[in-house]
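Everything below concerns the one structure shown next.
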Amino acid sequence: QVQLVESGGGLVQAGGSLRLSCVASGSIFRINDMGWYRQAPGKQRELVARITSSGSTLYADSVKGRFTISRENAKNTVYLQMNSLKPEDTDVYLCYAQIRSQLDTFSVGHWGQGTQVTVSS
């Protein structure tokens, strides 16, 4: 089956940077949109950034100019470069991908397990 695995989270001081990575693996036929969401305990999951297979991007207003999403289609990987981090960016960051497996004729949304990002003031 399909699996998404994130890496790159951690603890950083305000103003610092982190780079998240997410690799999709399994019986993949095609990956459409990929993206990053974040969620704090007891709060709704919110979009951080998304990128289409052709490279078009969408960002939450709160991260525009600070975060950059990119992907390497040949490696089934999406990245999130986070600069000028603020304490309010502290959250669990989850990878998302719309994937059509080799067994299906339609795409299905998949989520990673999440990686913790903590920004200290």
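The values are calculated or read from the model by the stated rules, or taken from the named source; none is laboratory data. All values reported here derive from a predicted model rather than from experimental measurement. Heads up, the Cβs are rebuilt from the backbone with ideal geometry, glycines too, and the neighbour counts pull from every protein chain shown. Ligands, DNA and RNA are stripped out before the accessible areas are found, and what is left, the full protein with its side chains, is counted by its heavy atoms. Shrake-Rupley method; radii C 1.70, N 1.55, O 1.52, S 1.80 Å.
Counting charges near Gln98 (Lys, Arg +1; Asp, Glu -1) among other residues having Cβ under 15 Å from its Cβ returns a value of +2.
Just to confirm, what accessible area per residue do you get for the chain at 1.4 Å probe, in whole Å²? Please list the in-between numbers first.
Details: 6410 Å² over 121 residues.
Heavy-atom accessible area per residue stands at 53 Å².
Expressed as a whole percent, the accessible area of the range 1-106 that falls on carbon and sulfur atoms is 47 (1.4 Å probe). Thr57 sits among other residues whose Cβ lies under 13 Å from its own Cβ, and their net charge, with Lys and Arg +1 and Asp and Glu -1, is +2. One compactness figure for the range 1-42 is 1.51, namely its Cα radius of gyration divided by 2.2 N^0.38 Å.
Evaluate the relative contact order of the range 73-121 (contact order divided by residue number), counting alpha-carbon pairs under 8 angstrom at least 6 apart; express in whole percent.
Relative CO of the range 73-121 lands at 42 percent.
For the pair Leu103 and Lys75, label points projected 7 Å from Cα toward Cβ lie 2.8 nm apart. Placing pseudo-labels 7 Å out from each Cα toward the beta carbon at Gln44 and Arg30 gives an inter-label distance of 3.1 nm.
For Lys86, a cut-off of 27 angstrom between C-alpha atoms picks up these lysines, skipping any fewer than 8 places away in its own chain: Lys43, Lys64.
Taking DSSP loops as anything outside H, G, I, E and B, show the longest stretch in the chain free of trypsin sites (Lys or Arg not before Pro) there with at most 12 other beta carbons within 10 Å. In the chain, the maximal stretch lacking such sites is 65-121. Remark: the range 85-99, residue by residue, has Karplus-estimated 3J(HN,Hα) of 5, 10, x, 6, 7, 4, 5, 8, 9, 10, 7, 9, 8, 8, 10 Hz, where x stands for each Gly or Pro and the curve is 6.51 cos²θ - 1.76 cosθ + 1.60 at θ = phi - 60°. Within the listed set Ala97, Ala49, Ala14, the residue fluctuating most in the Gaussian network model of the chain (springs between alpha-carbon atoms under 10 angstrom) is Ala14. Close amide H partners of Lys86, meaning residues 5 or more places away or on another chain with modelled amide H under 5 Å apart, are Gly15. If you take all other residues with their beta carbon under 12 Å from the beta carbon of Val2, and give Lys and Arg +1 and Asp and Glu -1, the sum is +1.
How high is the relative contact order of the chain, in percent, with contacts defined as C-alpha pairs under 8 Å that are six or more residues apart?
The value is 36 percent.
P(r) tail for the chain: Cα pairs beyond 25 Å make up 20% of the total.
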